[in-house]
Amino acid sequence: MNDNLRMIIGVALVVLILILWQVFFPPRRPAPVAPAPSVQDTTATTSIDSVIPVATITRTVLPSPETIITLENRLLRAELTSIGAALKSCSLKTYHVQIVPEGEHLLGNLELENLPLVDVTTTDSSATFTYELNQGRVRKTWTVGPDYVFHIKISTSAPGTVLTFDARAGTPVTEQNFKEDIANFHFYARNNGKVHQIAVPALRKKPFIGTADWVGLKSKYFFLALVAENGMRFDSARAEALNDGRAGFVAPVTVTDNTTRFLVYAGPIEYNRLRRFGLGFEGVVSLGWLKPVALGILYLLRLFYQLARNWGVAIILFSVLMKGIFYPLSRTQIRQMRQLQLLQPKIEELKKKYKDDPQMLNQETMRLYQLYKVNPLSGCLPLLVQMPVFFALYTVLRNFIELRGAGFILWLKDLSQPDTLFGHIPAGVPLIGGFAIGLLPILMGVSFIAQNLITTTDRRNWAMTIIFPLFITAIFLNLSSGLQLYWFVYNMLSIGESLIATKGGKLWQKKQKSPNLGGS
């Protein structure tokens, strides 16, 4: 197998990777950007309202001024409004983001918005809003927990009352990269133990209507969930796409007892934290068939972070570990490639000798491989073995909130985003228009070329030496800088390994002689 054929096989493998990438990480086109509808506008335009009587939706101005209560713990700070007993704001302190869109309310009850407010009582961790019903009174109590959790208790003297939780405003975009964040917005609902995930484009085609014991909204890094406790369920919960590509929902529930309880999670998408609820929340972390590998990588990165206190250093240590794990395979690959290159003159002799007898040429070539213990396909094995690790690492670096905003050195402020030190390629450039241009992917490409120059004996094979690394570099331009850092470090370790291996290759070339080719 000559270098050109190996290049063809390499390109084919990259194409295969791209195809698999599209299958497991399909691109999602963001919806056209439009101003987020206000609650009043949503009332007038969205068909979510069609499942609720109009009289319960119309928000009127209360005769008494709005009362705002603040609840706080070490992780979040929330403002509650007396209008529907809703969240007016919810700030996550660690991440400096807001879960409630500006000027909107979340998880208030539509039926309470028009009722007279009788009383508001507060403690250090709770706020109770009391409203007057025709048949009695209804009390809604918010209690902030020790984590990203709220507990809601609704007490009423009129069992059978229907109360509708309102999250039509949706959760806001929190990331600077609007398109990437909006592409990750999903609605979730669990029914009979099965978690349903619905992307916004699917909601645009067909709104969700169904019974659920919890419903939730997901952005790239944050999750808002409303859970009905003690066997209660939301009747005819409905979710739809908003005009700007986000999602919103309403969740009616019939209060059958004097007291009904709910749980609200408003916080980061952290796999272990979500799993502890035992409600299937961890299903919002989309890992697919790579889940065990991705969780293993995340565990190792956290371990290295605990040692180094820097995510960039953690990725470097992970690269060293992976190089050690794959060393036996890569060592065999380098030796086999080197030996194949050293056999090229002998193979060329066979081609001249048996140019009119392809069958004999094939037999004698295989005999030559057997004589020198060379496997032409062995060079592909390490790449195939590393593919799951590559895809899983991509998922971890791109989606896990632990790496959101994690800086490394100078210009690398967020390892979950591409390196943009030199800006972006003009949008009109075919295939790579708009891609980021950074120092890391350039260094990675240079390291690829350097490694090829070390391991390639035929300097005429410029395509394999130069073009293929440039092709790989173009692919990496728009990937996360953490992934670029990993591959650059891995390449540098491979260069050191190749330098050692080439010395062995020269020794092998001197000692190995074939006195008889082709049986003559």
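The values are calculated or read from the model by the stated rules, or taken from the named source; none is laboratory data. Predicted model only: the values in this text are computed from it and were never measured. Backbone-built Cβ (ideal geometry, glycine too); neighbour counts: all protein chains shown. These accessible areas exclude ligands, DNA and RNA; they are computed on the full protein's heavy atoms, side chains included. Shrake-Rupley method; radii C 1.70, N 1.55, O 1.52, S 1.80 Å.
Just a few scattered comments:
- Residues in the stretch 418-436 that are closer than 12 Å to Q484 by Cβ and open to solvent by 40 Å² or more (accessible area, probe 1.4 Å): 2 in all.
- All told, D49 falls short of being at pLDDT 90 or above and farther than 27 Å from Y221 by Cβ.
- For the stretch 169-206, a tally of residues being in a strand (DSSP E or B) and either polar (S, T, N, Q) or open to solvent by 40 Å² or more (accessible area, probe 1.4 Å) (or both) returns 6.
- Only a single item in (1) in a strand (DSSP E or B); (2) open to solvent by 60 Å² or more (accessible area, probe 1.4 Å) is not met by A78, and it is number (2).
- Cross-chain or 6+ apart pairs with Cβ under 6 Å, the stretch 339-363 first and free of Cβ contacts under 8 Å to residues at least 60 places away in the same chain, then in a helix (DSSP H, G or I) and open to solvent by 90 Å² or more (accessible area, probe 1.4 Å): none
- The one condition from (1) modelled with pLDDT of 85 or more; (2) assigned to a loop (DSSP other than H, G, I, E, B) that P515 does not meet is (1).
- For G296, the stated conditions do not hold, so it cannot be described as touching a Gly at 6+ places or on another chain (Cβ under 8 Å), more than 30 Å from L163 (Cβ to Cβ) and either open to solvent by 60 Å² or more (accessible area, probe 1.4 Å) or not in a strand (DSSP E or B) (or both).
- Number of positions in the stretch 207-245 that are open to solvent by less than 30 Å² (accessible area, probe 1.4 Å) and either farther than 22 Å from F277 by Cβ or assigned to a helix (DSSP H, G or I) (or both): 6
Rundown of residues vs (1) out of contact with any Lys or Arg (no Cβ under 7 Å at 6 or more places or on another chain); (2) more than 17 Å from G267 (Cα to Cα), yes/no style:
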site: E72; (1), (2): yes, no
site: R77; (1), (2): no, no
site: S82; (1), (2): yes, yes
site: L87; (1), (2): yes, no
site: L92; (1), (2): yes, no
site: V97; (1), (2): yes, no
site: E104; (1), (2): yes, yes
site: D119; (1), (2): yes, yes
site: T122; (1), (2): yes, yes
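- Among (1) acidic (D, E); (2) outside any strand (DSSP E or B); (3) open to solvent by less than 40 Å² (accessible area, probe 1.4 Å) - the single one D166 does not satisfy: (2)
- Residue that is surrounded by the fewest Cβ atoms within 10 Å (Cβ to Cβ), among those in the stretch 246-275 that are over 12 Å from K153 (Cα atoms) and aromatic (F, W, Y): Y271
- Listed by first and then second residue, the pairs with beta-carbon distance under 6 Å, at least 6 apart or on different chains, first residue in the stretch 481-494 and β-branched (V, I, T), second open to solvent by 10 Å² or more (accessible area, probe 1.4 Å) and in a helix (DSSP H, G or I), are V489/I316.
- If you go through the stretch 105-134 and pick out every residue that is closer than 25 Å to T161 by Cα and in a loop (DSSP other than H, G, I, E, B), you end up with 8.
- Condition check for M366: part of a helix (DSSP H, G or I) and either among the aromatic types (F, W, Y) or buried (at least 19 other Cβ atoms within 10 Å of the Cβ) (or both): no
- Filter result for the condition that a residue is basic (K, R) and open to solvent by 80 Å² or more (accessible area, probe 1.4 Å), over K323, K351, K346, K373: K373
- Single residue of the stretch 478-500 satisfying the filter (surrounded by 20 or more Cβ atoms within 10 Å (Cβ to Cβ) and within 22 Å of L340 (Cβ to Cβ)) that is modelled with the lowest pLDDT: S498
- Qualifying position, being among the charged types (D, E, K, R), at pLDDT 85 or above and more than 15 Å from Y486 (Cβ to Cβ), among R404, R338: R404
- Filter result for V215 (under 24 Å from the mean Cα position of the chain (by Cα) and under 21 Å from S236 (Cα atoms)): yes
- Only one entry of L115, L133, L71 meets the criterion of being buried (at least 17 other Cβ atoms within 10 Å of the Cβ) and in contact (Cβ under 8 Å) with a residue 24 or more places away in the chain, and that entry is L71.
- Of everything in the stretch 386-421 that is polar (S, T, N, Q) and not in a loop (DSSP other than H, G, I, E, B), the residue that is farthest from G445 (Cα to Cα) is N399.
- For the stretch 153-163, the tally of residues that are open to solvent by less than 30 Å² (accessible area, probe 1.4 Å) and in a loop (DSSP other than H, G, I, E, B) stands at 1.
- Pairs linking a residue in the stretch 80-97 that is in contact (Cβ under 8 Å) with a residue 12 or more places away in the chain and basic (K, R) to a residue that is open to solvent by less than 10 Å² (accessible area, probe 1.4 Å) and in a loop (DSSP other than H, G, I, E, B), with Cβ atoms under 9 Å and 6 or more positions apart or on different chains, are K88/V100.
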